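Since every read-out is calculated from the coordinates, none of them should be taken as a lab result. What you see is a predicted model; the values in this text were computed from it and never measured. Ideal geometry is used to build each Cβ from the backbone, glycine not excepted, and the neighbour counts take in all protein chains shown.
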Amino acid sequence: MLSRLARKARHLRRDRRATAAVEFAVILPVLLAIWAGMTELAHAIDEWRKLTLLARTVADLTAQGDAKNPVATTVMSDIFASATAVMRPFNTGAVKIVVSAMGVGVTGSTTIPTVCSSYANGNAVARSTGLASGLTVPPGYQTVGMRYVLAEVSISYTPMIGSALVKLAKGLSGTITFSSIAPWPTRGGKTYGNNIYTEVVLPGTNAAACDGSTP
């Protein structure tokens, strides 16, 4: 009996198939984790890239203005509807879009912007008019009297595979918020007061130009 067990043990030591099977079983979870991580990262980068493109598209279209000031609400609705085409194949039902007509004062600091008018889609809240809290005038726009459009977009991203792992990170839920901001020089609208820069006035109950003029 003992000699037979010894022979089996020697045979098992010489059989490399068992070793390969064990090694594969150990490595497989690591390979799957790497594959899942690369897939998730590529998916997340693609959605963030399209969100950035959306911000630029909304800012560009709004900066062109309308045939009249304030811009018609139907025009702004069409601009926001571009999100569906730009973000495809991602779901845009929860995307937040805020676009604001910004201005630099004719006196004082050229780094603190003023919200002249603002408009948002149904998922977001427009900015309040007046000095913009938490914002600075982007480089290249820090000129007395400058007018520009600022688009702010964001969306909640839910990982396809690793939502449970995301929850393990302290302070995070199962979703991650992606956001993008795009300033754009005003190319439409009209001038108000003594300012030489044209201004696009966005629709609103009390829409007015940055200097208080009524469009």
inquiry  = Once you order the gyration tensor axes a ≥ b ≥ c over the Cα atoms, which shape class does the range 65-104 get: rounded for a/c under 1.5, otherwise prolate or oblate by comparing a/b with b/c?
reply    = prolate
query = Taking R0 as 35 Å, what's the FRET efficiency between S179 and A67 from their Cβ-Cβ distance, rounded to 0.05?
reply = 0.65
query = If you take the square roots of the eigenvalues of the alpha-carbon gyration tensor of the range 63-215 and sort them as a ≥ b ≥ c, do you get rounded (a/c under 1.5), prolate (a/b over b/c) or oblate?
reply = prolate
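Can you classify the range 14-148 as rounded, prolate or oblate using the Cα gyration tensor, where a ≥ b ≥ c are the square roots of its eigenvalues, rounded means a/c under 1.5, and otherwise it's prolate if a/b beats b/c and oblate if not?
Values: a/c = 4.45, a/b = 2.57, b/c = 1.74.
Cα axes put the range 14-148 in the prolate bin.
May I ask you to list the trypsin sites (Lys or Arg not before Pro) in the range 20-92 that are in a DSSP loop and have at most 15 other Cβ atoms within 10 Å of their Cβ?
Listed in order of number, the matching sites are K68.
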